[in-house]
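See below for the structure under consideration.
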Amino acid sequence: AQTVTQSQPEMSVQEAETVTLSCTYDTSENNYYLFWYKQPPSRQMILVIRQEAYKQQNATENRFSVNFQKAAKSFSLKISDSQLGDTAMYFCAFGDSGNTGKLIFGQGTTLQVKP
Amino acid sequence: DTAVSQTPKYLVTQMGNDKSIKCEQNLGHDTMYWYKQDSKKFLKIMFSYNNKELIINETVPNRFSPKSPDKAHLNLHINSLELGDSAVYFCASSQDLHRAETQYFGPGTRLLVL
């Protein structure tokens, strides 16, 4: 069974600086999909970025990018030029196989951006 | 325009009661889900439905009964509520069941059982 681990329960960063959130996962598959979701204090779950495992190029969305290391089964999220609005809980997720649509989530990392 | 909506946003009730949470999506998606987020913020899938058919039930107690009257709606009915049911429940939808599809989440329903 696939598992997703986020080893940093809490992190903080100064506004305008860069922060990296870690995620590792365990799978025996070769083709899969990984996601980062953001949950601000409003509670809404919002997709930040996604990565297809068959793509070697790391995904980027504006200030958000990932460092996808397939062999190491690592999928970290880098937030550049952190903004106060980035304060949220961030969840790493693995798209499960078997055509069930199931997402397996990590435990989450709470990120505090300080002014 | 709200893509995935849930009602109510908050629900406070006594143990033993029965309650329902409604979910609607206007994205034209085929697949809908219910997730539970516990007090430690851990998110776990409960059910997925595709074209009104149940696809997965992640060992959820029988007291939880999802109902999908059409593709755009997936409601969650909970019988005989227990203290341990207190959580935030999220509805989500995606274009289809493919693992690559982005899931769009509703705003969540915070359920508190007293």
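Assign unit charges at the C-beta atoms only (+1 for Lys and Arg, -1 for Asp and Glu), then state the dipole size of the protein assembly as shown relative to its Cα centre in Debye, rounded to the nearest 20.
So the dipole magnitude of the protein assembly as shown works out to roughly 240 debye.
Can you list which of the chymotrypsin sites (Phe, Trp or Tyr not before Pro) found in region B:31-114 are DSSP loop residues with at most 14 other C-beta atoms within 10 Å?
B:PHE42
Going by a 1.4 Å probe on protein heavy atoms, which residues of region A:89-115 end up with at least 40 Å² less accessible surface in the whole assembly than in their chain alone?
By number: A:ASN99, A:THR100, A:GLY101, A:LYS102, A:LEU103, A:PHE105.
At 1.4 Å probe size, with the rest of the protein present, what percent of the exposed accessible area of region A:46-115 is carbon and sulfur atoms?
Carbon plus sulfur share of accessible area: 45 percent.
In this model, which of A:LYS102/B:LYS19; B:LYS9/B:LYS41; A:LYS78/B:LYS44; A:LYS38/B:LYS44 are farther than 23 Å apart at the alpha-carbon?
Numbers: A:LYS102/B:LYS19 25 Å; B:LYS9/B:LYS41 17 Å; A:LYS78/B:LYS44 25 Å; A:LYS38/B:LYS44 16 Å.
In this structure, A:LYS102/B:LYS19; A:LYS78/B:LYS44 exceed 23 Å between Cα atoms.
Would you list, by chain and number, the aspartates and glutamates whose Cα falls below 15 Å from the Cα of B:LYS40, excluding same-chain residues fewer than 8 positions away?
A:GLU10, B:ASP85
In sequence order, what are the phi-derived ³J(HN,Hα) couplings for region A:55-60 according to the Karplus relation 6.51 cos²θ - 1.76 cosθ + 1.60 with θ = phi - 60°, rounded to whole Hz, with x for glycine and proline?
Coupling constants for region A:55-60: 8, 6, 6, 6, 6, 9 Hz.
Loop-only check: which chymotrypsin sites (Phe, Trp or Tyr not before Pro) in region A:27-91 are DSSP coil with at most 14 other Cβ within 10 angstrom?
Those that pass, being in a loop and sparsely packed, are A:TYR54.
Could you tell me how far the Cα centroid of region A:1-72 sits from the Cα centroid of region B:1-70, in Å?
Between the Cα centres of region B:1-70 and region A:1-72 lies a distance of 25 Å.
Please work out the ratio of the alpha-carbon Rg of the protein assembly as shown to 2.2 N^0.38 Å and round it to two decimals. Please report the intermediate quantities before stating the final value.
On the way: Rg = 17.6 Å, N = 229, 2.2 N^0.38 = 17.3 Å.
Output field value: 1.02.
Could you state the accessible area per residue of region B:4-113 in Å², with a 1.4 Å probe and every protein chain left in place?
Per residue, region B:4-113 has 46 Å² of solvent-accessible surface.
Checking an interface number: how much accessible area is buried between B and A, summed over both chains, with a 1.4 Å probe, in Å² rounded to 100? All intermediate terms of the calculation are to be shown ahead of the outcome.
Working: alone 6580 and 6470 Å², together 10900 Å².
Looking at B and A, the buried total is near 2200 Å².
I want to verify the translational diffusion coefficient of region A:3-110 in µm²/s; compute it with Stokes-Einstein, Rh as the Kirkwood radius over Cα pairs, at 20 °C and 1.002 mPa s.
Rounded to a whole number, D works out at 153 µm²/s.
Do any trypsin sites (Lys or Arg not before Pro) in region B:1-69 lie in a loop, going by DSSP, with at most 16 other beta-carbon atoms within 10 Å of their beta carbon, and if so which?
For trypsin sites (Lys or Arg not before Pro) across region B:1-69 that sit outside H, G, I, E and B with at most 16 neighbouring Cβ atoms in 10 Å, the list reads B:LYS9, B:LYS40, B:LYS41, B:LYS52, B:ARG63.
Of B:ASN57, B:THR109, B:CYS23, whose Cα points farthest to the positive end of the dipole of chain B (charges on the beta-carbon: +1 Lys, Arg; -1 Asp, Glu; origin at the Cα centre)?
B:THR109
Over chain A, average the accessible area per residue using a 1.4 Å probe and give it in Å², no decimals.
For chain A, the solvent-accessible area averages 47 Å² per residue.
Using protein chains only (no ligands, no nucleic acids) and a 1.4 Å probe, work out which residues of region B:99-114 have their accessible area cut by at least 30 Å² relative to the chain alone.
B:ARG99, B:ALA100, B:THR102, B:GLN103, B:PHE105, B:PRO107
With all protein chains present, how much of the accessible area of region B:4-113 (probe radius 1.4 Å) comes from carbon and sulfur, to the nearest whole percent?
50 percent
Near B:LYS52, which aspartates and glutamates are there with a Cα under 19 Å away, not counting those fewer than 8 places off in the same chain?
B:GLU24, B:ASP30, B:ASP70, B:ASP96, B:GLU101
What residue among A:GLN56, A:GLN69, A:GLN39 shows peak mean-square fluctuation when chain A is described by a Gaussian network model with Cα springs under 10 Å?
A:GLN56
The values are calculated or read from the model by the stated rules, or taken from the named source; none is laboratory data. Worth saying up front: this structure is predicted, and the values here are computed from it rather than measured. So basically every Cβ, Gly included, is an ideal-geometry build from the backbone, and we count neighbours across all protein chains shown. Areas reflect the complete protein model, heavy atoms only, side chains present, ligands, DNA and RNA absent. Shrake-Rupley method; radii C 1.70, N 1.55, O 1.52, S 1.80 Å.
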